[in-house]
Amino acid sequence: MKKTPFYSRHRALGAQIVEFAGFLMPIRFEGVIPEHLTVRNRLGLFDVSHMGEIEIRGKDRIRFANWITTNDVSRLEINQVQYSTMLYPDGGIVDDLLVYRLSDRIFLVVNAANTDKDYEWILSNKRFDVEIRNVSAQTGQLALQGPIAQEVMARLIDLDLDELRYYWAVETEIGGVPILLSRTGYTGEDGFEIYSSAEEGEKIWDLLFEADPELKPIGLGARDTLRLEMKYCLYGNDITKETNPLEAGLSWIVKLDKEDFIGKDALLKIRSEGVKRRLVGFVMDEGIPRKGYRIYKDGEEIGVVTSGNYSPCLKKGIGMGYVRTGHHKPKSRFEVEVRGKLIGAEVIKPPFYKDFTHR
């Protein structure tokens with residue numbers, strides 16, 4: 001098992017450690033619900049160094065990034081970030097990712113379990129004048145998330161953070177350590193993601209806790225419930241190689257009017273024939289849905305749950321799943337089979353949690 005640069009800090013803080021995507025990662029410190037509410041109400045720090053980082057350099061880096069992703073990289077200004085997907089030729093999703101346009105490179109942040117697969121996929125589709133490098137092992141990544149994230153970060157960094165807008169980044173430093181700082185996250189709250197060299201990561205961790213003595217470390221358990229309350233997709237659950245971005249509600253990051261990209265022809269065909277199923281968010285009348293539970297309408301199976309859990313903020317079970325087109329509109333009702341019992345559920349307009357603070 002791999003260890004992140006912050007593994008010793010997790011052990012010292014008494015984290016429950018589990019294997020995740022080939023890494024030994026903290027699943028919880030205090031507990032999923034209190035950690036979840038800490039991020040919603042104040043501030044928490046996540047170790048997300050298991051995520052993958054891939055650099056694309058060379059004079060054709062923007063053109064190549066546009067070829068392998070669905071969003072339009074050419075529209076990005078320097079230091080701007082965008083959410084995107086990479087597709088197989090049949091329209092299935094290789095991964096969802098963040099694309100950073102920096103002054104001298106394109107910086108891709110991919111899902112931990114997909115890093116090696118994504119790197120090989122990008123290499124196998126290389127064209128134009130580019131250099132591709134997997135820098136995951138050399139990179140540490142922290143996510144500072146919560147309503148007071150800017151207040152705490154301002155104690156450490158000599159920048160006007162009001163100028164750093166949502167989905168923008170800046171190359172700067174903390175305590176003399178060079179970092180890439182972006183206003184991004186996977187929780188719905190205001191916050192920052194901090195990329196540094198793996199060797200100097202612990203210094204940043206310690207400086208953050210010195211800047212805010214009440215700062216709490218947060219594990220992967222709360223990261224999952226936080227993203228679910230925002231209806232953010234999780235690769236391997238809500239999006240896979242068997243799903244496409246049109247049915248997953250991600251058409252907003254698919255620019256079919258740009259130059260050719262991998263999977264474009266397949267998506268044009270899917271759109272012309274009509275999307276057969278849709279990914280929805282739903283709230284349970286009672287009980288908690290789990291991945292793989294079946295969805296029914298009037299006794300007929302119409303879909304399957306892809307993610308489900310207890311919402312600490314709504315205080316009820318919530319989930320995501322694919323249902324036949326026509327059953328996907330807000331306020332549509334169906335039943336979820338929970339341990340042999342059909343329980344009512346209602347489709348909501350996302351996100352589940354409405355009082356988020358990201359800007």
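Since every read-out is calculated from the coordinates, none of them should be taken as a lab result. Because the structure is a prediction, the values reported are computed rather than measured. Note: ideal-geometry Cβ built from the backbone for every residue, glycine included; neighbour counts use all protein chains shown.
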Report task. Identify, among Thr357, Gly326, Val347, the residue whose Cα sits farthest towards the positive end of the charge dipole of segment 283-359, taking +1 on the Cβ of Lys and Arg and -1 on the Cβ of Asp and Glu, with the dipole about the Cα centre. Result -> Thr357
Requested in this report: Rounded to the nearest 500, what is the 222 nm mean residue ellipticity of the chain from helices alone, with -39500 (n - 2.57) per DSSP H run of 4+ residues and division by all residues?
Outcome: -5500 deg cm²/dmol
Report task. Assign unit charges at the C-beta atoms only (+1 for Lys and Arg, -1 for Asp and Glu), then state the dipole size of segment 68-206 relative to its Cα centre in Debye, rounded to the nearest 20. Result -> 380
Report summary line: Exposure-ranked with fewest Cβ neighbours within 10 Å first, Arg339, Arg133, Arg223 stand as Arg339, Arg133, Arg223
Report task. Scan (1) 31, 26, 21; (2) 32, 28, 17; (3) 32, 24, 17 for the value of semi-axes √(5λ) of the Cα gyration tensor in Å calculated from this model and give just the label. Result -> (2)
Query raised in the report: What FRET efficiency comes out for the pair Glu202/Lys297, r = Cβ-Cβ distance, R0 = 56 Å, nearest 0.05?
Result: 0.60
Query - Two-site FRET efficiency, Glu273 against Glu210, from Cβ-Cβ distance with R₀ of 51 Å, rounded to 0.05 - result: 0.35
Requested in this report: Using the Cα centre as the reference, give the magnitude of the dipole from point charges on the C-beta atoms of segment 1-135 (Lys, Arg: +1; Asp, Glu: -1; all else neutral), rounded to the nearest 20 debye.
Outcome: 340
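For Ile78 and Lys354, what is the calculated FRET efficiency with R₀ set at 41 Å and r taken between the beta-carbons, to the nearest 0.05?
The pair Ile78/Lys354 has a calculated efficiency of 0.80.
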Query raised in the report: Dipole of segment 97-190 (Lys/Arg Cβ +1, Asp/Glu Cβ -1, origin at the Cα centre): which of Gln138, Gly175, Asn114 lies farthest to the positive side?
Result: Asn114
Query raised in the report: With charges set only on the Cβ (+1 for Lys and Arg, -1 for Asp and Glu), what does the dipole of the chain come to about its Cα centre, in debye to the nearest 20?
Result: 1240
Query - Positive-end extreme of charge dipole, segment 1-151 - chosen from Ala149, Leu97, Leu76 (charges on Cβ) - result: Ala149
**Report entry** With at most 13 other Cβ atoms within 10 Å, longest stretch of the chain clear of loop GluC sites (Glu not before Pro) (DSSP)
**Finding:** 78-213
